[in-house]
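The values are calculated or read from the model by the stated rules, or taken from the named source; none is laboratory data. It should be emphasised that the depicted structure is a prediction, and the values quoted were computed from it without experimental measurement. Cβ sites come from the backbone with ideal geometry, for glycine too, and all protein chains shown count toward neighbours.
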Amino acid sequence: MSDYTKVRNTKLLFKGEKRKRNKDKKKHKKRKRDDDAEQIRREQQEKDTKAHGGWWLASNIEEFKGTIAIEMGKHIYVSAMDNGMFTLGAPRPEGEGPDLPEQLTCVVVSDTKIALKTGFGKYLTLDRQNKVVGVSDAISSKEQWEPVFQDGKMALMASNGCFVNCNDEGDLEATSRMAGKDELLQIRSIAERNEKTDDGRPTEESSASNMKECEINYVKKFQSWQDHRLRLNEDEVSKLDNAKDSGKLHETLLDRRSKMKSDRYCM
């Protein structure tokens, strides 16, 4: 009987018939490889987040919300100064996150563009020398920035079509039409991952059920209440829907308020 046990027990195969491969076994191996790769990716992600003091690497515009920091170099972050200019801060120690002047508030303006606000309450924009400054009180086209992704890397394009970098004097500027190694950066977030309650929009927009309510919220926020009367632009509200789709909502709202000559930020 011992000789019979050595014989391989397989299904009877007729001449011309091909043996079927075990597809379930191959699928199982592939699934195991995918699970192992995902586990390694998660471990690397957790290690990177811990090394940056809990600030995790955001990889798409949907994750650029709430409090963020712009990292240019290992543990080196863009830092706001009290004169409105920007520079690169000193390298942070391993395990520590960005300092307060290096923390920005990100507003997702559209599917492709964001706005950034400093701790001084000013939005980032460009001056006449194409230097990055934080001096704006409202969001127009100049205060909108476009993250550009390619091959797992990211650069930040300004309203002039150039990418942000740091010059030899230590000032942040947008002068390069091409994104080289000096223009590469990373966005880090301290917000809770997969947070559903906060979509990165201002309260004036997230609390409104339509564009009319949205405009009223902004008018209440910025209007000069000299006679305590609410002044609204009488143009069609449908124009705001088109402006939102094109990423020019804040600029259009500002124009509408300026026509009423009641906004404290409009000349």
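Output yes when any residue across segment 163-175 is of a type in the set (S, T, N, Q), touching a helix residue (DSSP H, G or I) at 6+ places or on another chain (Cβ under 6 Å) and assigned to a strand (DSSP E or B), and no when none is. Explain how you work it out, then say what you get.
Taking segment 163-175 first, the residues of a type in the set (S, T, N, Q) are 165, 167, 175.
From what is left, the residues that are touching a helix residue (DSSP H, G or I) at 6+ places or on another chain (Cβ under 6 Å) are 165.
After this cut, where a residue has to be assigned to a strand (DSSP E or B) as well, the list is 165.
Within segment 163-175, one or more residues are of a type in the set (S, T, N, Q), touching a helix residue (DSSP H, G or I) at 6+ places or on another chain (Cβ under 6 Å) and assigned to a strand (DSSP E or B).
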Legend entry - Residue satisfying all of: in segment 62-115; closer than 24 Å to LYS47 by Cβ and hydroxyl-bearing (Ser, Thr, Tyr); modelled with the highest pLDDT among these: TYR77
Inset, instruction - Count, please, the residues in segment 117-143 that happen to be surrounded by fewer than 16 Cβ atoms within 10 Å (Cβ to Cβ), within 15 Å of THR105 (Cα to Cα) and in contact (Cβ under 8 Å) with a residue 60 or more places away in the chain. - result: 1
Inset, instruction - Hey, could you check segment 80-116 for residues that are surrounded by fewer than 17 Cβ atoms within 10 Å (Cβ to Cβ) and acidic (Asp, Glu) and say which is nearest to ASN167 (Cα to Cα)? - result: ASP82
Inset, instruction - Select from segment 220-259 the residues that are among the hydroxyl-bearing types (Ser, Thr, Tyr) and over 21 Å from GLU143 (Cβ atoms) and write down the one among them that is modelled with the highest pLDDT. - result: SER238
